[in-house]
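Reviewing the structure listed below.
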Amino acid sequence: MQIAKRRFGPMGAIKACAVACVIALALLGVQTVRAQEWLYTVRPGDNLWNITAEHLTRMDYWPRLQVLNQVSDPENLPPGMKLRIPIAWLKRLPATAQVLSAHGEIQAVIAATSQTVALKTGQLLESGDTVLTGEDGNATLEFGDGSRLLVQANSQLNLKSLNAYGRTNVMDTLLQLVRGRVDNQVVPRSGAGARYEVSTPVATSAVRGTRYRLGMETGTATARTEVLEGSVSFRGGGKTQAVAKGLGSLATADKPLSLPVPLLAPPNAAALPPVVTRVPIQLALPAVKGAVAYRAQIAPDDRFETLLFDGVSPSPAVRGPDLPDGDYLLRVRGIDAKGLEGRDAHHRFRLHARPVPPFLIEPAHQGAVLEKSLVFKWSEPENAASYHFQLAEDEGFAAPLLDLAGQTRATLTPERPLEPRVYYWRVAVRDSSGRDGPFSDPQSFKLQPTPKLQPPEVTADSMTFRWSAGLPGQRYQFQIAKDADFEEIVASAEVSEPQLSIRRPDSGFHYLRIRSIEPDGSAGPYGPVQRIDVPPASYWPVGLVVFLTLVLAL
C-alpha cells in the first residue's frame, strides 16, 4: 500500500492522467487507421523508441504505438514481431523515378544543376526535374511503388514532388503535364498520405490505382483524360467529378468540366495479318463509328514501355516505319470529334520483309503477251544468291503451275507451252546467308495465242489474208507496209473476224503484222513481222497463193 501511495502522488497522478489521455486518444483512432497502416517487422535490438526515432515524424508517437500494438515491454520487442504503424505517422522521405526506357529525341532538365541532358535508360530523376520529348521521343518512368508513366512525343512533364513514407511503398507523387500526353498505370494505393496526381494548366487528375491517359493541348488550352481501368478524380473550372472506366472528359480554360462520355470502341483488328512482309509497314482497318482520326503505336512487347512508332492518321490505316525484321505489338484506337482517344485494339505481328523481293519487269502487270514471246524478267537485289519463281492461275497461288526454287538468273523462259489465259507470277529472294525473303506482290498478265497467217489468196485486184483465231471477244488489228519498221503503211484495219481483204498493193516486198485487241479496248503486242513478195500484176493468175517468209519475231 505504501508503494501504491508513492506511485500515485500528485506528480504521479498527473503523469498517469497524461498517459491515460494519450492511450484514450490512441484507442479512439485504432479502428480509423487500421486500413491505413504499414506492417513493420521487428529486428533484433529494436525497441519502440528507436523505431519511433527512425521512422516516425514525432517522438511522442511511441506511447500510441505501444497501445496500438498492445506492447507490454516497449524496451524488449521479440524479433519478427509485426508492428502496425499508421501511414500518417511516418516520415516523408525524398524519392526518385527511374527511367525504364528512353527512345528517340528526349532530354531532362536537372533541377539540382539546371543542366539539360540527354535522358538515358536507368537514369534516376528527382523532385523538380523536367522531362522533354521531341517529335519522335518517348520515355517510361517508374516510381517507387511500381507505378509507371509513359511520356509521349512533344511533351513536357515536371516532376513537382516525389516522396515516400518511410521505408514503405506508399508514395506521394505530384506531377505537372505542361503539354503533350502521358499514359499512366498506377498501382492500387492505400493510406492517408498515398497520392498520385498529375496536374495541367487547366485541370488535375488524382487516382489511387488505375490506368488512364491524360493530354494537354496548349493551342486550345484543353486537357483530356481517358480512363481505361479504375476511376479518376478530375478537377477543373472549380468542379470535381469522377470519371469511371470506359469514359473520358475534357477541361478547357475558363469553362466548366465536360460531362464524361463513353470512349470509342476499339477498332476490329481481327483481319490484320500475322506476318507483315513489306516496309514501311502499311495496314488497313475497318473504320470506327464516330472516329475522325486514329492513333497507332508499335512496341517491341506488350508492356509498351518503348514506342517505336506513335502516329495519328485521318484514316483507319497504319502507316508505320521501316523497322528491322522481328516480332512486334500494335495498338490502335479511334479519336472522336472532341479529341478523346478511345479504347485500344491490340495485334501481335511478325515483320518478315527481308531479303526484299525483286521488282518484276516482264511481263508487265495486267499486260498481254504472245505465246512465242513469253519470257519472265525481274531485277537483281543486292546480296541475292538465288530466286524462287512461282506461276499460278489464281492470285492466291493455291496450286502453282510452276514452283521453281534455286533459280540463279533473273530471267526465265517456260520449258513447256502454256494455254492462253490470265496468269499470276511472283518471285522471292534467298540471300547469301540462306535466309528466304517474302514473295513479291503478284503480277498478272494475259497470255495470247500468236496469230498465224495463212498464205494470202491473190486475185488480179485484191489480196485476202486469214490467220488463226484468238480468244472469244477479241478483235484484230492488221497492218501491211512497204518497210519492216512500218513507217510507210499501205493498209491498216481493225476487224472482228480473223480475215481481211484489201486492194492488191504494188509489186515488191511488203511487210505484215497482226495484234489482238481486248473487249475493253486494250491492245496486245504485234505478232511476228512477216514479209511477202508481190510480183507485177501480169504475173498474177487468179487464185495464185503467195507464201510468206518470217523475217522478225517480237
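The values are calculated or read from the model by the stated rules, or taken from the named source; none is laboratory data. Computed from a predicted model, the values in this text were never measured in an experiment. Counting neighbours? That spans all protein chains shown, and the Cβs are built from the backbone with ideal geometry, glycine included.
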### Query
In the stretch 389-422, which residues are free of Cβ contacts under 8 Å to residues at least 40 places away in the same chain and aromatic (Phe, Trp, Tyr)?
Phe389
### Task
Test Thr200 against the criterion of being buried (at least 21 other Cβ atoms within 10 Å of the Cβ), more than 26 Å from the chain's Cα centre (by Cα) and at pLDDT 95 or above, and give yes or no.
yes
### Task
Grab the strands (runs of 3 or more DSSP E) fully contained in the stretch 250-313, keeping just those with 1 or more residues being within 29 Å of Ser199 (Cβ to Cβ).
293-299, 309-313
#### Entry: Which listed residue, of Val170, Val198, Val151, is among the β-branched types (Val, Ile, Thr), touching a residue at least 12 places away in the same chain (Cβ under 8 Å), more than 17 Å from Leu125 (Cα to Cα) and not assigned by TED's automatic domain parsing to the domain that holds Glu37
Val170
### Task
Filter the stretch 321-355 for residues that are within 12 Å of the chain's Cα centre (by Cα) and closer than 27 Å to Gly248 by Cα and give the result.
Leu329, Leu330, Arg331, Val332, Arg333, Asp344, Ala345, His346, His347, Arg348
### Message
Quick test of your reading of the structure: Glu305 fulfils all but one of (1) of a type in the set (D, E, K, R); (2) touching a Ser or Thr at 6+ places or on another chain (Cβ under 7 Å); (3) at pLDDT below 95. Name the failing condition by number.
### Response
(3)
### Query
Could you list, in sequence order, the residues of the stretch 429-469 that are in contact with a Phe, Trp or Tyr (Cβ under 7 Å, 6 or more places away or on another chain) and in a loop (DSSP other than H, G, I, E, B)?
Pro442, Pro451, Lys452, Gln454, Pro455, Pro456, Ala460
### Message
Please determine whether any residue of the stretch 87-110 is farther than 19 Å from Asp145 by Cβ, in the same structural domain as Ala153 (by TED's automatic domain parsing), without any contact (Cβ under 8 Å) to a residue 24 or more places away in the chain and not polar (S, T, N, Q).
### Response
yes
### Meets criteria (in the same structural domain as Leu214 (by TED's automatic domain parsing) and at pLDDT 95 or above) for Ala291
no
### Hey, Arg303 over 30 Å from Pro358 (Cα atoms), surrounded by 15 or more Cβ atoms within 10 Å (Cβ to Cβ) and among the charged types (D, E, K, R) or not
no
### Query
Which of the residues belonging to the stretch 209-253 are among the charged types (D, E, K, R), more than 26 Å from Val170 (Cα to Cα) and crowded, with 17+ Cβ neighbours inside 10 Å?
Glu217, Arg224
### Message
So Leu149 ticks every box in (1) farther than 12 Å from Thr96 by Cβ; (2) part of a loop (DSSP other than H, G, I, E, B) but one. Which box is left unticked?
### Response
(2)
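Results for (1) among the aromatic types (Phe, Trp, Tyr); (2) surrounded by 15 or more Cβ atoms within 10 Å (Cβ to Cβ); (3) closer than 26 Å to Leu174 by Cα; (4) at pLDDT 95 or above, shown as yes or no for each residue.
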site: Val19; (1), (2), (3), (4): no, no, no, no
site: Arg34; (1), (2), (3), (4): no, no, yes, no
site: Trp62; (1), (2), (3), (4): yes, yes, no, yes
site: Gln70; (1), (2), (3), (4): no, no, no, yes
site: Leu83; (1), (2), (3), (4): no, yes, no, yes
site: Pro86; (1), (2), (3), (4): no, yes, yes, no
site: Trp89; (1), (2), (3), (4): yes, yes, yes, no
site: Thr96; (1), (2), (3), (4): no, yes, yes, yes
